[in-house]
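Visitor: Structure below; questions to follow.
The values are calculated or read from the model by the stated rules, or taken from the named source; none is laboratory data. Owing to the predicted nature of the structure, the values given are computational and were not obtained by experimental measurement. Every residue, glycine among them, receives a Cβ derived from its backbone with ideal geometry; neighbour counts consider all protein chains shown. Quick note on the areas: whole protein, heavy atoms, side chains included, nothing else; ligands and nucleic acids left out. Shrake-Rupley method; radii C 1.70, N 1.55, O 1.52, S 1.80 Å.
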Amino acid sequence: MTVGQSSRKVCYLCISKSLSFVNSLLLLLWWISPCGFLQRKFLFGNVLSMNFGVGTCLTSERSGSPVHFSAFVTQRDSPPRVQRDSQTHSQPFTRMRPPKKISTVLRFLCPATASKLAFLYPAIKAGDFQGKAKQSRVEYVDGKRHVLIGIGAASSAAKATTTLYDLRVACQLAGSTLEKLKVRRAVVHLPSNRVLLKAMDVAQRGSLATIADDDSNTTTLGATVHPPTLQDSSNTNDLFLGAAVPSSQRAGVPSVQTREALRFFLEALQSATYRYSLKTRQKKKKSGDATSKDDKKIDWKCDFEVLHAPNKSYLADARIISDSVNGARTMGNLRPDVGTPHYYATEAARLAKEFPGAIRVTDWLSDKAALQPLGLLNAVGQGAVNGAQLIVLEYVGHPASPNTTAVVGKGVVMDTGGLNVKPYGSMETMHMDMMGAAAAVQTIRAVAALKLRVNLVCVGGFVENAVDANSYRPSTILTSLKGTTVEITNTDAEGRLVLADAFTFVQKHATITKSVTRMIDLATLTGAITVALGEHRAGLFYNDARLARSLMAAGERTCEWLWPMPIGAEHHDQMKGLLSDLTNCAPGRMGGACNAAAFLQHFVEDGVRWCHIDLAGPGMGGKATDVNPAGAPGFGVRLLVDFFRRKGRHHLC
């Protein structure tokens, strides 16, 4: 080799190394720049691995073929290493990339709709999913998780249609499925308007056929002793869009039905995601199989994005109602060590701060001196460490209306039975004996949030029926706030005593803006109503047929069903005392729910329209059901909100 050739080779080598250094420097600058980050993400995908040296190999997400960069990058932890291109080609890096974030689509399908989507979902084509009730299926299409929920009619009849109850069952099933998948956000495809319309139509007409005669203007409510009749259906004091209204008066109802059905479905879907649990996470230690508890509680919540929603206000209204239902559930799920009478009264008073100017606390009786005149309520709580509380909230949404409705709730935060103590198996769920007051408090919250044009008063009597040396005793004769004397024959019949004084206080002594013209009370009052009606219907006692019929229609539209029950002369006779005006518990086991309602009717003033809802069956929760999660169900909130919405729409409250 000549000197000239040697000098040229050295020159070429220097130039080559200089270019290699420049290329490496430019690649490094490109790698750390924002532009390089975006190009790596969208052009080459996620970086699977990188070897710092000559011949670094990346794998493309789109083609899967190796992409080469002849670069020289210095690694801090190890000296630079040079690899030949042939070695790089023969040993490419094949580490799997992390999976993409999967979005979830939630579809509610009936059999007719499911058959049309067989081309999209293999499970439908194979016959594994037909869209029937209580069917669920998870499919993966184009990188997305599709949760299919069947809403078909549960009945096997040929002409069976989907009911509102079927929709609520489907929503609860969707919530359970999403919880198992740990989904926290889902895109919802609504059922067709035709399905929603038919479901609401069945609720407003077909299901009420046993209550009202669709071919006439008269209505008979169950086996009442004095059957109430409707002489003038055109009277708008109580608008009833159920079966008792002739078909000629239903002009324009389908559009109303569609809106109501859509709101019902959205509320049911959001309520289905409620979970209450104090369980803690179990996590394994790094060494060994032992487990340790984490302080963080198990908490799951899912947010929904509704596609093709006709109006966002429906979703907002549904969220308000579901939040109130869930609020009642949470109140009922608290145990008496936390949920004391003072705690619940404070939570009710907090609504005045949440809705300033809309809700105000008119009366709050908490000390013994203030509660002394309420002889019945005060006696029930005198054996407990935590004293009784009586609170009155007022919402005036229609100042021009002379009508005001009082919703009174029984709030026994723990019922041991008193000295007539409950046996084993009957006391464990008595922390939910205040679900009537919980429903009343959350109803006024929802009414204020929805800004309904009604006048509403909420009364909560919170007390604990405990066993103590100071507990009130059987055979004691007490004097109520009204002045009526009551002999105590059973200390476990305490709820009617709490309601009796609450009735008198709100009708005669509360410092509210307007006098009460209508009164509705909710109470988990008797086990007898559960024996009579089961766990799906609440008993309805009343002195006004129109008010009762409106509440039953609201129950049909919300799947919180009410059934009319009688109050006869024989029930009033059963409640007469020997040495007092009344006795709090009739002898024997016959007609217990009717006797309790007859006792309450003694404390309803003349001219006040009244309904008593005994929700001991559907109001007390336990294990998860087809329509409710485990724990308190929150019964009564949807029913009353629907009732007041109808009244407020026509300015009848």
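Visitor: Putting +1 on Lys and Arg Cβ atoms and -1 on Asp and Glu Cβ atoms, find which of Ala438, Asn378, Met427 reaches farthest to the positive end of the dipole of segment 370-464.
Guide: Going by the Cα projections, it comes out as Ala438.
Visitor: Expressed in whole Å with the largest first, what are the equivalent ellipsoid semi-axes of segment 499-547 derived from the C-alpha gyration tensor as the square root of 5 times each eigenvalue? Present the calculation step by step, with values, prior to reporting the outcome.
Guide: Numbers: eigenvalues 149, 36, 12 Å².
Value: 27, 13, 8 Å, ordered largest first.
Visitor: Take each of the peptides 534-547, 443-456, 629-642, average the number of other beta-carbon atoms within 10 Å over its residues, and list them starting from the highest. Show your work: numbers first, answer last.
Guide: Values: 534-547: 20.1, 443-456: 23.6, 629-642: 25.9.
My ranking of the peptides, most packed first, is 629-642, 443-456, 534-547.
Visitor: For segment 506-653, which whole-number percentage of the solvent-accessible area (1.4 Å probe, protein heavy atoms only) is attributable to carbon and sulfur atoms? Don't skip to the end; give the middle numbers.
Guide: Details: 2770 of 5230 Å².
Using a 1.4 Å probe with all protein chains present, segment 506-653 comes out at 53 percent carbon and sulfur.
Visitor: A further question follows. Below 12 angstrom from the Cβ of Leu173, what's the summed charge of the other residues (Lys, Arg +1; Asp, Glu -1)? Let's see the in-between values first.
Guide: Numbers: positive: Lys132, Lys134, Arg137, Arg168, Lys180; negative: Asp166, Glu179, Asp626.
With Lys, Arg at +1 and Asp, Glu at -1, the net is +2.
Visitor: Separate question: Could you give the nm distance between label points at Thr485 and Lys508, where each point is 7 Å from its Cα heading toward the beta carbon?
Guide: Rounded to a tenth, the inter-label distance reads 1.7 nm.
Visitor: Can you check what the net charge comes to around Glu464, using other residues whose Cβ is under 13 Å from the Cβ of Glu464 (Lys, Arg +1; Asp, Glu -1)? Each step should come with its number before you reach the end.
Guide: Numbers: positive: Arg335, Lys410; negative: Asp337, Asp415, Asp433, Asp468, Glu494.
Here the count lands on -3.
Visitor: What whole-number value in Å² describes the accessible area per residue of segment 426-514 for a 1.4 Å probe? Write down the numbers at each step before the final one.
Guide: Values: 2630 Å² over 89 residues.
For segment 426-514, the solvent-accessible area averages 30 Å² per residue.
Visitor: Taking θ as phi - 60°, what are the ³J(HN,Hα) couplings along segment 428-438 by the Karplus curve (6.51, -1.76, 1.60), each to the nearest whole Hz, with x for Gly and Pro?
Guide: Per residue, the Karplus-derived 3J(HN,Hα) values read 5, 9, 6, 6, 9, 6, 10, 5, x, 5, 4 Hz.
Visitor: With N denoting the number of residues in segment 455-567, provide Rg(C-alpha) divided by 2.2 N^0.38 Å, to two decimal places.
Guide: Numbers: Rg = 16.4 Å, N = 113, 2.2 N^0.38 = 13.3 Å.
That works out to 1.24 for segment 455-567.
Visitor: Something else about it: Shape call for segment 593-653 from the C-alpha gyration tensor, a ≥ b ≥ c root eigenvalues: rounded (a/c under 1.5), prolate (a/b greater than b/c) or oblate? Write out the running numbers ahead of the final one.
Guide: Working: a/c = 4.54, a/b = 1.29, b/c = 3.54.
Note, shape of segment 593-653 comes out oblate.
Visitor: Okay, next question. Please report the orientation-averaged projected area of segment 428-508, defined via the convex hull of its C-alpha atoms, in nm².
Guide: Details: hull surface 27.5 nm².
Reported value for the Cα convex hull: 6.9 nm².
Visitor: Let me ask something additional. If you take the C-alpha gyration tensor of segment 316-403, multiply each eigenvalue by 5 and take the square root, what semi-axes do you get, largest first, in whole Å? Mind showing how you got there, number by number?
Guide: Values: eigenvalues 144, 79, 21 Å².
Taking √(5λ) for each eigenvalue gives 27, 20, 10 Å, largest first.
Visitor: What dipole magnitude, in Debye to the nearest 20, does segment 374-524 give about its Cα centre under +1 on Lys/Arg Cβ and -1 on Asp/Glu Cβ?
Guide: Values: 11 positive and 11 negative charges, 147 e Å.
The dipole magnitude comes to about 700 debye.
Visitor: Give, as ranges by residue number, the residues of segment 111-130 whose backbone N falls under 11 Å from the point 7 Å along Cα→Cβ of Val187.
Guide: From segment 111-130, the list is empty.
Visitor: Across every pair of different alpha-carbon atoms, what Kirkwood hydrodynamic radius in Å does segment 564-615 reach? Don't skip to the answer; put the middle values down first.
Guide: Values: mean 1/r = 0.0860 Å⁻¹.
By the Kirkwood definition, the hydrodynamic radius is 11.6 Å.
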